[in-house]
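So the structure is just underneath, and the comments pick up after that.
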């Protein structure tokens, strides 16, 4: 079904007293998700954001609690603040990324309130990709440039209008009755073309989990990571990476406990107070990265923790290419004990 | 909204006791401020908690008390980093934060009707103490067979809980063996490393479980001894340490393979560990 | 000694009459004694400095100055021995090169030049010490509270 | 294939076959167009992976102290300067090092191309022309148009230290004014500079790729990771990002060899180099020192002179 961009914008803007609108905008570092005042400020033609929208639910730096000390006493305050939000223009890979993060922030025992309160108060409007970058490989990860998984409302850009699909109840509740019209034959053809598109770049992950089950001690890891600088670029730009650190920020008698993004690529990540480090080499850290995404996560959550957005490939300073590494795993010879 | 697992309860530090002669380990006694907090803090021996020194940070420590000791929690902490240093310097009466209890615990249900040998080295004795106290409690003692504790330290001054150890010496419900690495003046008990002492004094492995905690080197050399004594891996338990931040299985640093030590551990049987990558 | 993790907030803009707060890193062998002399000789100078004694101006790490600014100091004063008079022979000579570069870089990134001051004051120069503090205070006061490029607002959180 | 590539392969083959080195650190073709990637060749069979062209942008000196054993390193002018500093600072054992010098025309700045044509699908380099098929169109560039900013002001394209030199040398173009970019920045007002660097710092996500790519950032514990004392909070904002960058730049003052690898590594396109260049200019102007030119010249901040400039002192 179709809605004109103008009308859609009006509907979204009409909600501005209850919801803030987060959408892609152009800024110095590239396109990113930021709060915008009106729908007209939203950037419509973008490949994908430079950084994934995960920071909306899991900010790079956030206060968990704050406290004030008074002599030997202390008062502790919960710092959780939530605003109702419309997150507009999320690409299929990132929407799927959010579904994967949902599984991280809620496990068999705990639920992370900071993430979930924000998540529950946000409506995700997905947007199909009409252009596909050579480094995109979402089709290999069970997605496609037009997969609506993870979105509450899903749009396909038709120029002056959108093809609009309500995916969830939450999406339905947000916009109410929009007065959608039928697509013309020409538009239908365009929608069909977008829906049938696949990424040009593909890798095979069909057997990777089982393969990795047997690869912890494989020599494949030995030289894989030699050129890796150990920076956090790939993790920070990944829609599913979620490791974090908790630290203290203090000023005189008051302070707060904050969490900040951390990454398994950093040597300090696992360093014990005693000086012992269970993952003391970059080899162990890369193995952890691959194992976590393609094996441990699958065993624990039933899904591969990679969505094929290609950001890590685009931003790596030494051209560590996830597709090649996956390929390498597929080709690696198993060591028979 | 559900309870926020990042929000600590405040507890009062009622005692900051220097535990060892080298002044490297202190035992903190914390008091619950109200009944509600205590009721919410239901724990078992082997679990840990995240202790906050407000202004310095938060770190995970094993709970040294047993749930049979109401009203308080105790932690024995070595001075290694920023949080532990701050705790050591803390005046009695100061409020500290506690999040927990976290992780799993020693399988005291599975131990029922069995003999137990508890083997500890150095300051890893904290949750083992909790386990021993739990089982020695009159309400539970009848559930278990013989209890043997083998506890070693480098020298007599480094043994934790000296008064308690002295009391156990004379307690017919528990067989305590203490050892130090090298002979020392005034020391009349065992001298030697834990693996060799274990070989000498360990009870028969028949119907017996072993719980081993200590520095990696001690564990490494004690396991073969237990194997030699015919303890199967399913009946050897240990508690692991990892760098942890959230304690909730989310922050991503304490995993060994698919298992998060904070959430799925810290107590593992040797049989479980054999199936996991050797990354700890 | 174990280093205190605690951060000290040296900024306090609530005062009605604005008095800048200046973190003063003073060499133990000269400027610190100079400040002492100014004190016992009752040479007046504004109570704007918070003295941090260092063993030598050569001990100054650029991060000290950045951290002071980040925590909200309105100004920073570094003072050491006159060239040639270093207790450790050459500490201040080595420091001098560093200081020139620090000053130049901070100006380059847009920090007001007068927020960071360097001087040589000997143990005998009590009067001069008070003059330096007066001068630095005047210039920093003229700039007003630190809202500069290094000042971290609200503990540093951007929370989004 | 360029003749230098041939020579590199031949030299590497000899070195490995003769057992003179355990590993040759060089470049191979990357997975993306116009991107070479560091590679570590340990066997004669792998030697043919090695390449040399305008896409070899990483500073391989950054790997020199991470890789153990005897190693040969393909070394550009800037890489060689970094090696000199590392040798001066005792981070390397000279006997373990075999420096294969190559003169460098400069490297391609992919971002310049991507800004015009979108993500690159295909590209070829031939006869000084770069033909590119991008997501939003095709185009052809001369090498000069897309040369990395660092390389445009490079004064040391030829290695300053080497065990063997391969290929020809590159003539150093005369620069009328050194550090023209820094002078231009200095000429701006304080608030203009503040605005410029502020915008740059806003982009920074503190991934530390600049630090990790830098051959001279080898501290065991970087000040940003230190927790006693904790210099920086985890906050990612203008002020703290500038604290990080300024702290890093000051630590590199008088050491930075202006290879520009920090700026190239940055995924966010932060102009980190502008800060380093400022320090390099100051060091040159005030102390007449350029780092990493000769092992015999002591680093600027390790020495002093009685009449070093003191213009920075208070007037009192």
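Per-residue shielding of B:256-264, expressed as the average number of other chain Cβ atoms within 10 Å of the residue Cβ, stands at 4.
Every Cα-Cα pair of chain B was included, and the share exceeding 27 Å stands at 38 percent. Cα centroids of the stretch A:144-222 and the stretch B:245-260: how far apart, whole angstrom? After rounding, the separation between the Cα centres reads 31 Å. Computed as a quarter of the hull surface, the mean projected area of the alpha carbon convex hull for chain C stands at 10.7 nm².
What do you get for the angle between helix D:238-252 and the principal long axis of chain D? Use alpha-carbon atoms, 0 to 90 degrees, nearest ten. The two axes meet at around 70 degrees.
With contributions of -39500 (n - 2.57) from each DSSP H run of at least four residues, the per-residue ellipticity at 222 nm computed over chain A stands at -7500 deg cm²/dmol. Comparing A:36, A:74, A:205 in a Gaussian network model of chain A (Cα springs below 10 Å), the most mobile by mean-square fluctuation is A:74.
Our helix-only sum for chain B, with -39,500 (n - 2.57) per DSSP H run of n ≥ 4 divided by its residues, gives a mean residue ellipticity at 222 nm of -6000 deg cm²/dmol.
Relative to the compact-globule estimate of 2.2 N^0.38 Å, the Cα radius of gyration of the stretch D:238-302 comes out at 1.16. Counting Cβ atoms of other protein chains within 10 Å of each residue's Cβ and taking the mean over peptide A:252-262 gives 6.
With the alpha-carbon atoms of chain D aligned to their principal axes, the span from lowest to highest coordinate is 68, 50, 44 Å, starting with the largest.
Residues considered: D:306, D:247, D:106. Largest GNM mean-square fluctuation over chain D, using C-alpha springs under 10 Å, is found at D:306.
Among the residues of A:236-246, the average count of other protein chain beta-carbon atoms within 10 Å of the residue beta-carbon is 4. Counting only alpha carbon atoms, the long axis of helix C:91-108 and the longest principal axis of chain C meet at about 30°.
In the stretch A:183-337, the ratio of gyration radius to Kirkwood radius, Rg to Rh, stands at 1.09 when only Cα atoms are counted. Taking 1.306 mPa s as the viscosity and 10 °C as the temperature, the Stokes-Einstein diffusion coefficient of the stretch A:42-188 based on its alpha-carbon Kirkwood radius rounds to 91 µm²/s. Only DSSP H runs of four or more residues enter the estimate; each adds -39500 (n - 2.57), and after division by the residues of chain D the mean residue ellipticity at 222 nm equals -9500 deg cm²/dmol.
What is the distance in Å between the Cα centroid of the stretch B:46-75 and that of the stretch D:256-274? Each part reduced to its Cα centre gives a spacing of 46 Å. Along its first, second and third principal axes, ordered by size, the stretch B:13-119 spans 44, 36, 20 Å in Cα coordinates.
When chain D is treated as a GNM with alpha-carbon contacts under 10 Å, the residue of D:158, D:241, D:90 showing the greatest mean-square fluctuation is D:90.
With viscosity set to 0.890 mPa s and temperature to 25 °C, compute the Stokes-Einstein D of chain A, Rh being the Kirkwood radius across alpha carbon pairs; µm²/s, no decimals. In µm²/s, the coefficient rounds to 113.
By the compact-protein rule of thumb, 2.2 N^0.38 Å, the alpha-carbon radius of gyration of the stretch D:176-311 corresponds to a ratio of 1.10.
Compared with the dominant Cα axis of chain B, that is its longest principal axis, helix B:126-136 is turned about 70°.
Treating the Cα atoms of the stretch B:115-239 as identical point scatterers in vacuum, please give the log10 of the normalised Debye intensity I(q)/I(0) at q = 0.10, 0.11 Å⁻¹, two decimals. For the requested q values the scattering log ratios are -0.27, -0.33. Rg and Dmax over the alpha-carbon atoms of the protein assembly as shown stand at 31.8, 97 Å.
Bear in mind these aren't lab numbers, they're just calculated from the coordinates by the rules spelled out. Note that the coordinates shown come from a computational prediction; the quantities given were computed from them, not determined experimentally. All Cβ positions, even for glycine, are placed from backbone atoms using ideal geometry, and neighbour counts span all protein chains on display.
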